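Chemist: Following this message is one structure expressed as structure tokens.
Only the coordinates and a few stated rules stand behind these numbers; no lab work does. Keep in mind it's a predicted model, so treat the numbers as computed, not measured. Cβ coordinates were reconstructed from backbone atoms using ideal geometry, including for glycine residues, and neighbour counts include every protein chain displayed.
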Amino acid sequence: MDIVGLVIQLIAGAIGGNAAGKISKGFSLGGTGNSIAGAIGGVVLGQIVERLTGGAIPAEAAAAATSGLDIGSIITSLISGGAGGAILTAIIGAIKNR
């Protein structure tokens with residue numbers, strides 16, 4: 001997955017960043033800040049995970065070879081993008097509010 005995975009990671013990261021900001025008000029960067037930091041974190045961690053796993057869950061590697069859009073890659077992008085967004089938002093929020 002190339003551009004589709006990137007878009008999924010951006011959106012999931014922004015959602016993860018906003019969720020982290022809402023859960024912990026001490027780490028919040030505001031709505032726009034949470035979205036931007038989350039999107040950046042989502043892409044960074046999403047790309048790292050994609051490189052480490054080969055972009056797909058091993059059981060679905062055959063599907064990835066025939067189609068650039070498989071459910072394993074989408075789920076991996078969603079989870080890693082959301083987690084990356086939440087983590088980077090929390091880190092930046094903690095540094096900013098320190």
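Chemist: For the stretch 3-29 and the stretch 69-98, what is the separation of their Cα centres, given in Å?
Modeler: 6
Chemist: Starting from the 7 Å offset along Cα-to-Cβ, what nm value, one decimal, do you get for the label separation of R98 and S24?
Modeler: Each label point is offset 7 Å from its Cα along the Cβ direction, giving 1.3 nm.
Chemist: On to the next question. Count charges around F27 for me, please; just the other residues with Cβ under 14 Å from its Cβ, Lys/Arg as +1, Asp/Glu as -1.
Modeler: Working: positive: K22, K25, K96, R98; negative: none.
Taking every Cβ under 14 Å from that of F27, the sum is +4.
Chemist: Using each residue's phi in the stretch 85-98, evaluate 6.51 cos²θ - 1.76 cosθ + 1.60 at θ = phi - 60° and report the 3J(HN,Hα) Karplus result to the nearest Hz, with x for Gly and Pro.
Modeler: Once θ is set to phi - 60°, the couplings for the stretch 85-98 become x, 5, 5, 5, 4, 5, 5, 5, x, 5, 5, 5, 8, 6 Hz.
Chemist: Here's a follow-up. Where in the stretch 1-33 does the amide nitrogen come within less than 19 Å of the point 7 Å from the Cα of I74, taken along Cα to Cβ?
Modeler: Hits in the stretch 1-33 for I74 at 19 Å: 1-16.
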